[in-house]
Structure formats: structure tokens, C-alpha cells
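Contents: one structure, followed by commentary.
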Amino acid sequence: MADPLLSTLRISLLVICMFAAARSDFQTLSVRDDHWIRWSIPASLVLLLEMASSNAGIENICMTFALLAIFSFCFSSPPDLRNFGEWGRREAILSIFYSLGALGLVGGAVSYSETDFVDLLLGDESPNTALWWSMIGASLTATVFYSSWRFGLIPGGADVKALILMTLFFPSWAFVPEQIYPLAEDPIFRMPPSMVMFVWAAAAFLIAPPVIFVQNATRGNITSIPDLKMAWHATKKKISEVSQFSEMEANPSWILTEIIQKNGENTVVNRILPSSKSTIGTERESDLALLEEMGLDSVWITSKHPFLVYLFLAILPMLLLGDPLAYLIR
């Protein structure tokens, strides 16, 4: 059972961290690395405090630094031992993380090498043994997130940093309060909490296109067959409305209705994906005026839906409902 006070603190920190990141990504399409590095400090301190207060053992405490070591790969390469004499504070701190993380791995492998995995799955092993194996799972989860980013399976660097930081906040279900409305009672297997948040976020991300389509249909934005290809991911706006916020530099929107030269004549096209000149800004005013001259009164606009926003929203179902896949394999 997670400590109520520390759980409240951990959840509050995660919500504030993810809200700030989602807001930044939505408004500026980026999140500074400093944001993730700063928030990793309270995340790791709360985890270390809870482990120390519950006598989790030195192996589990050191496993926290293994997670921090994996997290550090997102920002810098490991220190080069050949340049040991030129190391600064950053290299020294990273080397401590690697050393303590390795101690947690080796020490845990020695201490918990005779684990009965049937008892582990049934929850009959000692708390420290179960915690060490869950920290191994958290480390593997963080490694999967990082590798997915490096291999291009997850394109957003900020998304991966958020997922690994979530893993640091909640490395196992031992640190998550019991769900109020669990989808499965006493599940045999559950994915790591950060992976569960990824699944919930992905599910919400997939629901967005049908919702946008229904909104366009109810607003009467679908008036022709070509509109069907746009209605899944964009909305129609009056040109007069677009002109009012065209000077908002931080507006994460793109105009998909453009004018191109075809056979020497101006032709209106609706793009599926934004082009290099699609971003809303003052340079678009002349194009909007030209569209009006050609008889158009509205254009298709798409807004970026940062995955970080969905990750932020996924905190709630993870805490209330738990693992959705546990319901399927119960």
C-alpha cells in the first residue's frame, strides 16, 4: 500500500509537471529540456524517501539511480572514460548515477537470484523482492521508451522524456494508490504504470479523429465529397475569423486551404498535411485576401494535438481505473 502522504505529493508533482509541459507544447510546440531535468529532482527525491522510509533495501534504493541513468540518455551521452581528467560536474554526477545503478542491478541479482516467479506473480514474495523486480520492469520500460524514440517509433522527444519521467514518478504499482473504480479486481498481471498511461493516451489520441468528424458534420462543414477527406483532422473557419487571430505567433494551427499555380492559373487546394507556408501568421494575410477574391468565405484549419496533452489527461484514468489490458486478460 502506497504511503498516502507521499502518494498525494507524488501525484500533485506529476500533475503540475505534466500540465506545464502540455501547455508549453500546445502553445509553442516544444518543451525545454530544463523542464524535464528540474522535475526529475523532486520525482527521484520522493521515490528515495518512500523507499528509505519503508526499509526497501539498498538494492532498491540504488535502482532509482538506474532509472535516472536511463533518463540521462535523453539529454547527454555517457561520460568518456578516456577524458576522465577533463570531466566536469555533469560527468561526475552521471558517473555516480551509473555506478549506483549498476550496484542496484548487481546487488539485487545476488540478493534476489532465488526468486520463485510463481510466488512473485501471486504476490507471495517478500515486498523487497517484488519491488526489485518491479524496478527491473521499470528500467526495461524506460529503455523501451528511449529505444523507440531513437529508432523513430515514437517521433516526439518530449513525449519520451515525459514517459520516462512518469516511470520515475511511478516505477511500479506499489507507489500508486488503489484505484477507486478498478477495471479488474486483483489482476494477475499489470503493465507498468507509465505504460498504462501511454495506452490510455494512445486510446484518446485515436478517438480524436471521429470526434472531429462528428463536430464537422453537426456544424454543416461537410458539403461535398472532397470535404470528407478533410473533416477527420481539420475544421472550417470563416476567413474573417482567421484574420482576427492570424497575428498570434504562438497559435499552433495551420491553414490547409491554399492557392497554387496550375497551368498558369491560381487554383484552390485543400492539403491533407500542412506545407511549409501553412502556419498562421501575418504573412498569410495576402493569401487570405486572395482566397476571398476567388469567392471563398471559409478555409480548412488544423491544430496540432500534442501527445503530451493526452499523456497529461491519461493520469486520471490510470489513477481511477488502472490498467485497461488487465480487464482483458483477467
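Derivation of every value follows stated rules applied to the coordinates shown; laboratory data play no part. Note that this is a predicted model, so its numbers are computed, not measured. Cβ: placed from backbone, ideal geometry, glycine included. Neighbour counts: every protein chain shown.
Assorted remarks:
- The residues Lys262, Lys236, Lys304, Lys161, when put in order of fewest to most other Cβ atoms within 10 Å, stand as Lys262, Lys304, Lys236, Lys161.
- Spacing of the modelled spin labels on Val214 and Leu140, each 7 Å from Cα toward Cβ, amounts to 3.8 nm.
- Full extension of the chain segment joining Ser99 with Thr223 gains 38.3 nm, where the gain is 0.36 nm per residue of separation less the Cα-Cα distance.
- Neighbour net charge for Asn221 - beta-carbon separation under 14 angstrom, K R +1, D E -1: +2
- Between Tyr327 and Asn83, the contour length at 0.36 nm per residue exceeds the Cα-Cα span by 82.7 nm.
- As a proxy for reagent exposure, ranking Leu206, Leu291, Leu13, Leu311 by other Cβ atoms within 10 Å from fewest up yields Leu206, Leu13, Leu291, Leu311.
- Fluctuation leader among Ser147, Ser194, Ser253 - the chain, Gaussian network, Cα springs under 10 angstrom: Ser147
- Legend: ranking of residues Glu91, Glu185, Glu59 from fewest to most surrounding C-beta atoms inside 10 Å; resulting order Glu185, Glu91, Glu59.
- Relative contact order of the chain, defined on C-alpha pairs under 8 angstrom at six or more residues apart (%): 23
- Three-way shape label, the range 1-130, alpha-carbon gyration tensor, a/c 1.5: oblate
- Distance between the pseudo-spin-label points of Gln261 and Ala289 (7 Å out from Cα toward the beta carbon): 2.0 nm.
- Computed log₁₀ I(q)/I(0) - Debye formula, equal Cα scatterers, no solvent, the range 124-173, q 0.23, 0.27, 0.29 Å⁻¹: -0.77, -0.93, -1.01
- The distance between label points at Leu153 and Leu121 comes to 2.3 nm (points 7 Å beyond Cα on the Cα→Cβ vector).
- As a calculated quantity, the FRET efficiency between Asp297 and Thr8 at R0 = 45 Å, using C-beta atoms, amounts to about 0.30.
- Proximal charge balance of Asp34 [Cβ under 15 Å; K/R count +1, D/E count -1]: +2
- Shape box of the chain [Cα atoms, principal axes, largest first, Å]: 76, 55, 34
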